[in-house]
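The values are calculated or read from the model by the stated rules, or taken from the named source; none is laboratory data. In this text the structure is predicted, and so the values were computed from the model without any measurement. A quick note on method: Cβ atoms are made from the backbone with ideal geometry, for glycine too, and the neighbour counts reach across all protein chains shown. Calculation scope for accessible area: heavy atoms of the full protein, side chains included, ligands and nucleic acids excluded. Shrake-Rupley method; radii C 1.70, N 1.55, O 1.52, S 1.80 Å.
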Amino acid sequence: MKFIVSGKNIEITPALKETAIKKVGKLDKFFQRDVEAYITMSVEKNRHIVEVTIPFNGGVLRAEEENHDMYTSIDKVVDSLERQMRRNKTKIEKKFHGGSLRLENFQFEDDDVDEEQEFKVVRTKRFAIKPMAVEEAILQMNLLGHQFFMFSNAETNEANVVYKRKDGNYGLIEPEF
């Protein structure tokens with residue numbers, strides 16, 4: 001596994017980098033040698049945030065944790081990733097068998113909006129969409145820790161959205177033209 005460590009609003013010391021690589025390196029047993037792990041550490045006020053993203057063979061494993069201490073955040077993010085891997089082990093094994101994984105080791109203040117107000121987009125995210133089944137999209141959403149996930153439905157070849165409902169079940173949004 002290869003590690004890319006970066007920081008936002010923080011200087012990454014050699015000790016901090018070494019600790020992050022050592023802790024996230026515990027996940028090395030689940031992945032092939034060529035998989036890259038992106039570790040991003042940031043500080044916002046008193047919050048020390050660690051985000052780890054591991055893209056592999058068409059899937060993405062991601063977790064983000066925060067704490068008042070960076071080293072504790074690192075521990076928490078590794079625990080979160082291990083929990084995701086354990087919780088979804090059989091589903092991941094079926095989908096990504098023979099790929100990059102080795103699993104045998106094993107998330108308006110104002111009520112009235114002025115109509116002339118310009119809406120400001122503060123972030124744009126682009127990603128490649130590949131056709132997938134609804135169940136695969138739900139798995140991918142859970143691995144990313146998101147509440148919703150947009151994908152191209154393999155059955156209909158249309159853009160769909162799956163989302164997690166408050167009652168713990170999942171919903172599917174299909175466009176109607």
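Brief remarks follow.
- Test: residue in the stretch 159-168 that is open to solvent by less than 20 Å² (accessible area, probe 1.4 Å), modelled with pLDDT of 80 or more and over 18 Å from the mean Cα position of the chain (by Cα): yes
- Within the stretch 17-37, the set of residues being out of contact with any Phe, Trp or Tyr (no Cβ under 8 Å at 6 or more places or on another chain) and modelled with pLDDT of 90 or more comprises Lys17, Glu18, Lys22, Lys23.
- Contacts under 9 angstrom Cβ, first residue in the stretch 136-150 being on the phi > 0 side of the Ramachandran plot, partner small (Gly, Ala, Ser) and outside any helix (DSSP H, G or I), 6 or more apart: Gly145/Ala63
- Only one of the numbered conditions (1) at pLDDT 80 or above; (2) surrounded by 14 or more Cβ atoms within 10 Å (Cβ to Cβ); (3) among the β-branched types (Val, Ile, Thr); (4) closer than 28 Å to Glu158 by Cβ is violated by Ile92, and that is (1).
- Tally, over the stretch 145-158, of residues that are part of a strand (DSSP E or B) and open to solvent by less than 80 Å² (accessible area, probe 1.4 Å): 4
- If you go through the stretch 12-55 and keep only what is assigned to a strand (DSSP E or B), touching a helix residue (DSSP H, G or I) at 6+ places or on another chain (Cβ under 7 Å) and hydrophobic (A, V, I, L, M, F, W, C), you end up with Ala37, Ile39, Met41, Ile49, Val50, Val52.
- Qualifying positions in the stretch 121-144 - outside any helix (DSSP H, G or I) and either open to solvent by less than 80 Å² (accessible area, probe 1.4 Å) or among the hydroxyl-bearing types (Ser, Thr, Tyr) (or both): Thr124, Lys130, Pro131, Met132, Ala133
- Residue list for the stretch 30-65, filter: more than 17 Å from Val5 (Cβ to Cβ) and open to solvent by 30 Å² or more (accessible area, probe 1.4 Å): Gln32, Arg33, Asp34, Glu44, Lys45, Asn46, Arg47, Asn57, Gly58, Val60
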